[in-house]
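The structure under discussion appears below in the form of structure tokens.
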Amino acid sequence: VCRMERLLRRCRIRNSLVRECLAECLGVYILILFGCGTVAQVTTSQEKNGQYLSINLGFALGVTFGVFVSRGVSGAHLNPAVTLSLCVLGRHPWMKLPFYTFFQIFGAFLGAATVGLQYYDAILSYSGGQLTVTGQTATAGIFSTYPAEYLSLGGGFLDQVIGTAALLLCILAVGDQRNTSIPDYLQPLLAGATVLVIGVSMGSNSGYALNPARDFGPRFFTYIAGWGDDVFRAGRGWWWVPLVAPCIGGLVGTLIYEMLVEVHHASLSPEDQPSCQETTEAKSLELKGVEPSVGKSA
């Protein structure tokens, strides 16, 4: 035991930013492993082993456990839109934004790669040996989001702005101890519940990515793993919408909550006011990105 403890001590990383980035990477990895893994199972079994609700539950629980894994180290943003919103609020250093974003995307890429390896045989069997982005047996939608056939780019952009705004609004409310005092251990569960309710209410248009890392990391994996550049052309060039719209939606949701609720809290005495670090930790429950089976039809 002592030898193992000494070995583990040698593996400790002293740089706090590196530790935070690795925690974000692992948290997003868990999110994608469970979320996209659920989509893979439902899709390749042709809904014999799960249905649309299974996908919503898979992503919701993926968010929950991703938050549990990383929140004590990095605050469990797990979403560039969340990190950006916290930077705008002054609750997270702008200097860390590019590092958090890169490792969130990298974690999503690794999660998608793991699902791709795990379900490789099933994917080929389902699609007749072809890795396709569109059509009845498309499998690219297992990993990233694609719009329904009826959805315009403008409609999809609005869909992602509204969904991510709702996400940030609810996450900020969950972390706002001056609004409703929620036990610390329940906050990751409520973050997952937020993703679940968004999925069951807003998922059919485009798979409710709500998270640039959740969508782009797996999309890049499919690009290099054999699906080709169709992953960037499908849906009338849809790929940029889950990158841009969630960032705007996150800021919109943050502004709505701050202006309509938080700014109106009674002022605290100086000795009762939380530190900047405490505020950041309380506010930075994660977020997700999700994707139902609608993606495979685009």
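The values are calculated or read from the model by the stated rules, or taken from the named source; none is laboratory data. Quick caveat, the model's predicted, so the values are computed rather than measured. Cβ sites come from the backbone with ideal geometry, for glycine too, and all protein chains shown count toward neighbours. These area figures cover heavy atoms from the full protein model, side chains too; ligands, DNA and RNA do not enter into them. Shrake-Rupley method; radii C 1.70, N 1.55, O 1.52, S 1.80 Å.
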Next on the checklist: Heavy atoms of the protein only, probe of 1.4 Å, neighbouring chains included. What is the accessible area of residue 256 in Å², nearest 10?
Outcome noted: 70
Item to check | Long-range tail of P(r) for segment 114-261 (Cα pairs > 21 Å, %) | outcome: 50
Checklist entry - Largest first, how would 48, 96 line up by accessible area (1.4 Å probe)? => result 48, 96
Next on the checklist: Running a GNM on the chain with Cα contacts under 10 Å, which residue among 11, 36, 247 ends up with the highest mean-square fluctuation?
Outcome noted: 11
Item to check | Å² per residue, accessible surface of the chain at 1.4 Å | outcome: 45
Item to check | Share of carbon and sulfur in the accessible heavy-atom surface of the chain [1.4 Å probe, %] | outcome: 63
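What helices does the chain have that are whole DSSP H segments, at least 18 Å long along their own axis by Cα, and with mean Kyte-Doolittle hydropathy of -0.5 or more?
Numbers: long enough: 16-44 (41 Å, 1.32); 52-74 (33 Å, 1.26); 97-118 (32 Å, 1.23); 153-175 (33 Å, 1.79); 187-202 (22 Å, 1.66); 241-260 (28 Å, 1.66).
TM-like helix candidates: 16-44, 52-74, 97-118, 153-175, 187-202, 241-260.
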Checklist outcome for this item: With every protein chain in place, the accessible area of residue 184 for a 1.4 Å probe, in Å² rounded to the nearest 10, comes to 90
Checklist entry - Can you pull the accessible area of residue 22 for me, 1.4 Å probe, Å² to the nearest 10? => result 80
Checklist entry - How big is the equivalent ellipsoid of segment 9-263 along its three axes, where each semi-axis is √(5λ) from the Cα gyration tensor, reported in whole Å from largest to smallest? => result 29, 21, 17
Item to check | Gained length - residue 130 relative to residue 150, 0.36 nm times residue gap less alpha-carbon distance | outcome: 4.7 nm
Next on the checklist: If I model a spin label at residue 263 and residue 193 as a point 7 Å from the Cα along the Cα→Cβ vector, what separation in nanometres do I get?
Outcome noted: 2.9
Checklist entry - Residues with beta-carbon under 15 Å from that of residue 152, excluding residue 152: net charge, scoring Lys, Arg +1 and Asp, Glu -1? => result -1
Checklist entry - For the residue pair residue 11 and residue 49, what label-to-label distance in nm results when each label sits 7 Å from Cα along the Cα-to-beta-carbon direction? => result 3.0
Checklist entry - What's the FRET efficiency of residue 204 with residue 19 using the Cβ-Cβ distance as r and R₀ = 41 Å, to the nearest 0.05? => result 0.60
Next on the checklist: For the chain, set up a GNM with springs between Cα atoms under 10 Å and report which of 182, 171, 198 has the largest fluctuation.
Outcome noted: 182
